[in-house]
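Worksheet: one structure, shown below.
Each reported figure results from applying straightforward, stated rules to the coordinates on display, with no laboratory input. Keep in mind that what you see is a predicted model, and the values were worked out from it rather than measured. Positions of Cβ are generated from backbone atoms using ideal geometry, with glycine treated the same way; all protein chains shown enter the neighbour counts.
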Amino acid sequence: MFWRISNGGAKLETKTVQETKAAAGFGAPYIVRTLENGAGHAPILEGMKLPTPNTLTSPIDVWLRNLHEKYRNNMHGHLASYIPELTKADAKHFGIVLAAADGKSYATGDSEVLFTIQSISKPLVYGLALEDHGSEAVLKRVGVEPTGEAFNSIVMDELNNRPFNPMVNAGAIATTALIRGNGFEDRFKRILDMFSRYAGRQLTVDESVFASERATGHRNRAIAYLQLNSGMIEEPVSEHLDLYFRQCAILVSARDLAMMAATLANNGVNPVTHERAIAPEHVKTVLSVMASCGMYDYSGEWVYRVGLPAKSGVGGGIIAVLPGQFGVGTFSPLLDDHGNSHRGIEVCKELSQRFHLHVYDMHFVADNIVRRSYRGGGVTSKRLRGARERKALDSHGHQIIAYELQGGLYFATAEQLVRRIVEDSPQSKYVLLDGRRISRADQSALMLLRDLKLALAHESKVLVLAALPEQVQSDWLKLNSGAGLELCFGDVDAALEYCETKVILTADPGAMAADALLPLADMDILRGFSADEIGKLAPYIQTSSYDAGAFIIREGDAADRLYLLASGSASVDIVLDDAKSRVRLAAFRPGVAFGEFALFDGGRRVANVVAETAAVCYVLDFANLERLEATEPKLYRRVLFALGRLLTDRLRRVTAEVRALT
């Protein structure tokens, strides 16, 4: 079959459909149809907008134009308003550029319109700081952890006395403060020259935006002076801030952004000018932080949906990098609620899905199926226990070992896991597999785990599974002929509590006597009180009983009393926004005090406490506490000190768990 492309009656070219599709790079079977245009017949490829006749256009160009056409009338979002000058942007501007690592670029829309780079400056300046000081020195000043907070939040890593990462304002200010040079002009020249090497042309500054940012950047000043006060940065603070405001006001286009991204994709060398913009050893560091933190509090979903290291700015730009292959630059000043370009996000999503650009879009066997492991006792369930139960768990909790799994369970990864469990088995009695991060498990892996379960049982050890994906759990139960459902828990906390209970019952069978009513003297906070002190305190304390399922505390109740659980068990939960689901925050065994924060802040209860079984509580309300203060001031102070020790002990245990999990 032959066909003719016609334009106003002029014969341009004659080819077969197959030749034309091959020349255009169309590998998929497109539908060919013919249109009557009054001057001949011209078949078109269904779903594609053809370029101007007599030109051979890359499918990438065609796809980018179609993307631009699809979203150019999408006016969702808003202009950045916290910098007044940015409200003057034209909301209709929209450009897309893709630049390959060898310098070839594809552009559509307003790809040459200039706008200020804003926060896209952050990874580039971070790279310069790495070159000035080295990775370890910079890491001491600026962390690399995502915050889940807005870009301008005043949140710091207090444990390490540093901003969380260089992609939020706090981290970027600290990063800019690290740039070396002899005064403001010399330091800024280094920044501007470095940006220009990335872009492949000499860049300039929008002085009006710089002045606007400088005049209204009070929040950034607050961040900087807070950092100065904490020793995170040093003087001159005003110079660091001016450097930061000015770097954000550098003018770029979508084409510049794409070339900057392509430079990172090309291991730090501009693919057109061949100038090095950043040392190769720092490229992976910059890309890593972009991948985890570059899209602010949208970074997690960005990685999930797009899967490319990226950075956005409130000027409307986005850069995205596929290492070793190409970079993308988009520009549209309409922002979503996260401060990212709305149209830019949509374009990057479609590009990633269309061309399978997600950096994790591959099937591989993880190097290590075990994300981390920990022992019971050091890490415990949410169940707070009395002194006797806690003593047993402290002594024997090491018999529990939990493995947090990740990735896919195939034969190779299951073999790794089994090998690890066997190596750890001499000190283990309960083996808990946390499946929250398991993506799938094939039959060979499950068969290997079933054989492991039988081998453990032969040694009087127990395999406990938790939080498996629904399909994996279903396959596991089928493989085990339905047996073992009681050892297959919906969440890790319940599984951990099960193991703890078994350990306690073995170590101290009387520690969990079901019907025992602990006397007042056996309450944790009153241990060490003399019989005389207990006798003086008893008249101020009431006893309340609760049926299973009854509310001991309701969310919203007045916080006016302290509870000591004498028998039974209770749990703390909150109701989620859907008004149906509940999440357990903690649980209590006899001997434990709860509701103690009310003594310090009053107000209203923020969660429910429900009796899981029939329960008895000793209750000390505030009216009686005030009477105690008036009549027995020394005893009153002892109670307060006891509560302080309780809080300190709980904080100490939480700290120990955090350390065990890191």
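Here are some notes:
- Taking the C-alpha atoms of the range 275-338, convex hull volume expressed per residue in Å³: 97
- Ignoring aspartates and glutamates fewer than eight residues from residue 284 along the same chain, the ones with Cα atoms less than 15 angstrom from its Cα are 131, 136.
- Entry note, the chain: the mean residue ellipticity at 222 nm calculated from DSSP H runs of n ≥ 4, each adding -39500 (n - 2.57), is -12500 deg cm²/dmol after division by the residues and rounding to the nearest 500.
- Taking 4 °C and 1.567 mPa s as conditions, the range 559-649 diffuses translationally at an estimated 90 µm²/s according to Stokes-Einstein applied to its Kirkwood radius (Cα pairs).
- Taking every C-alpha pair closer than 8 Å and separated by at least 6 residues, the mean separation divided by the residue count of the chain gives a relative contact order of 10 percent.
- Residues 175, 655, 380 arranged by fewest to most Cβ contacts within 10 Å: 655, 380, 175
- Between the entries (i) -0.32, -0.43, -0.93; (ii) -0.51, -0.67, -1.08; (iii) -0.38, -0.52, -1.07, the label attached to log10 I(q)/I(0) by the Debye sum over Cα atoms at q = 0.06, 0.07, 0.10 Å⁻¹ calculated for this structure is (ii).
- Here the Kirkwood formula, the inverse mean of 1/r across different C-alpha pairs, assigns the range 355-495 a hydrodynamic radius of 15.9 Å.
- Using equal-weight Cα scatterers in the Debye expression, the normalised intensity of the range 84-355 in log10 at q = 0.13 Å⁻¹ is -0.75.
- Taking Cβ atoms as reference points and 9 Å as the exclusive limit, the residues near residue 387 contribute a net charge of +2, counting Lys and Arg as +1 and Asp and Glu as -1.
- Put in order of Cβ neighbour count within 10 Å, fewest first, the listed residues 92, 429, 391 become 92, 391, 429.
- Sorting 583, 418, 503, 609 by the number of Cβ atoms found within 10 Å of their own Cβ, with the fewest placed first, yields 583, 418, 503, 609.
- For the chain, with +1 on Lys and Arg beta carbons and -1 on Asp and Glu, the positive-most of 378, 163, 191 along the dipole: 191
- Model label zone, residue 73; criterion: amide N under 19 Å from point 7 Å along Cα-to-beta-carbon; scope the range 88-104: 91-95
- Straight-line cross-link partners of residue 634 among the aspartates and glutamates, defined as a Cα under 20 Å from its Cα and at least 8 positions apart when in the same chain: 524, 532, 533, 596, 621, 626.
- Where only alpha carbons of the range 300-435 are counted, the Rg and the Dmax (Å): 22.7, 63
- Most positive-pole-ward Cα, 583, 635, 658, against dipole of the range 520-660 from beta carbon charges: 658
- Value of relative contact order over the range 370-512, rounded to a whole percent, pairs C-alpha under 8 Å and six or more apart: 28
- Between 0 and 90°, nearest 10: helix 121-133 axis offset from the chain longest Cα axis: 80
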